[in-house]
1. Which of Ala71, Leu17, Ala333 sits closest to the plus end of the dipole of the chain, meaning its Cα is farthest towards the positive end, when Lys and Arg get +1 and Asp and Glu get -1 on the C-beta?
2. So between Glu314 and Arg180, what do we pick up on full extension, going 0.36 nm a residue minus the alpha carbon distance?
3. Select from the range 107-212 those trypsin sites (Lys or Arg not before Pro) which occupy a DSSP coil region and have at most 10 other Cβ atoms within 10 Å, ordered by residue number.
4. In the range 74-110, which residues have a backbone nitrogen under 13 Å from the label point lying 7 Å from Glu123's Cα in the Cα-to-Cβ direction?
5. As I understand it, the dipole of the range 220-405 uses +1 on the Cβ of Lys and Arg and -1 on the Cβ of Asp and Glu, about the Cα centre. Which of Gly293, Leu317, Pro383 lies farthest toward its positive end?
6. Loop-only check: which chymotrypsin sites (Phe, Trp or Tyr not before Pro) in the range 164-247 are DSSP coil with at most 15 other Cβ within 10 angstrom?
7. Would the range 96-214 count as rounded, prolate or oblate if I go by the C-alpha gyration tensor, calling it rounded below 1.5 in a/c and otherwise prolate when a/b exceeds b/c, oblate otherwise?
8. When the chain is fully extended, how far beyond the present Cα-Cα distance does Ala290 get from Glu136, taking 0.36 nm per residue of separation?
Amino acid sequence: MDELLRRLRAGLPAEALITDPDVTPSYAADMAGLCPAGTPAVVVLPRTVDQVRHVMRTATALRVPVVPQGARTGLSGAANATDGCIVLSLVRMDRILEVNPVDRTAVVEPGVVNAALSRAVAEHGLYYPPDPSSWETCTIGGNIGTASGGLCCVKYGVTAEYVLGLDVVLADGRLLTTGRRTAKGVAGYDLTRLFVGSEGTLGIVVRAVLALRPKPPAGLVLAAEFASTAEACAAVCAIMERGHTPSLLELMDRTTVRAVDRLGHMGLPHTTAALLLVAFDTPEPAADLAAVGELCTAAGATQVVPADDPAESELLLQARRMSLPALETLAPATMIDDVCVPRSRLADMLDGTAAIARTYGLTIGVCAHAGDGNTHPVVCFDPADADEARRARESFDAIMALGLELGGTITGEHGVGLLKKEWLARELGPVGLELQRGIKRTFDPLNLLNPGKLF
């Protein structure tokens, strides 16, 4: 410990180090439930690339594991500390280095908050689409680490589609530049995509070149109530089959709607079994909403209410963004699943999740990015009740098994981390797992970067 601190201090300012044992535990974990977290030896908050390189060279010399962190808003335990590790918090590397309206790119450090970037590029008439529910606090580095998505993915895609290039500090302190700043480029293996979603296990992202889009018009949202989730999912399928391209297509089940209304007092309907939100940011969104409203009615919607203006639309979006915080009020703890299935199997996923909730005697609310089949079943439970905690874990596993059975994946945007590492092998299979472990060994032969995550 003394030698570690001596070497770190040789290349870092005093304010970059936290060693107070009353403070370091606050950096031990992200927002995932039921994931073990150790006690870090030290927390480092660098401001420069050279400082990150010094940390990694020191860690390699002393064989000390390093856990990179952003805002710790993750939901899989990927940012959880291990005993005796260096926690490398990148939140102070928060500069937007460049916004280029001609190339439609931004160059940012990893600690830039998603919402701050969105607002900065909007001043240039541009738009950064990936918008996780935690966009007001989560960082671009964390978004890249987990390949996060958001509400607008159905039209605009996920984080991986907007990362053009990266600067990455490798485990031994070398600096690697990947990708490009051009609109096209196919030189060599796509190492940029390899780092996106790697959860800090291959290197430390210290700079990112991001693609931007022209800022779309203000959108309008439609809310449709359904007496069953099956009818709501039928509407989703009809919307996509007819060729519509909504900028948002979200679903909240009865449990979620009631929880959101209880928390936000928004006047949401307690009688509906499923609430579907559909948005368009086209030049004439009212016409698109009218066409989709007809499809919802044909699928069995009991009520279809289009918003009259962007302000009313924003209220509906706030309801969706409140889903996870609202469900967290129903019990002392939650486990948030992230199963993504083909859109055509969405109804089977929701009905199956409801059956799992009944089997295990638990409250499980579901909100979903219905347009891309990404569901977030939220298991609510009391961890102080040993039997209930056991049932929660078993129900969580049953939901992932259901997702794989339906041709889906265990994680659409939250990542694997600690929470789902046992399930990654089931999804990848032995050959896929062997190759991924080989990639890890190539980049991090000493297994110092975020050890114990993914595999």
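Bear in mind that the values in this text are calculations on the coordinates, not laboratory data. Quantities reported herein were computed from a predicted structural model and do not represent experimental measurements. Cβ coordinates were reconstructed from backbone atoms using ideal geometry, including for glycine residues, and neighbour counts include every protein chain displayed.
1. Of the options given, the answer is Leu17.
2. So the chain would gain 44.7 nm between Glu314 and Arg180.
3. Lys184
4. Answer for this model: 96-100.
5. Farthest towards the positive end: Pro383.
6. Tyr189
7. prolate
8. 52.3 nm
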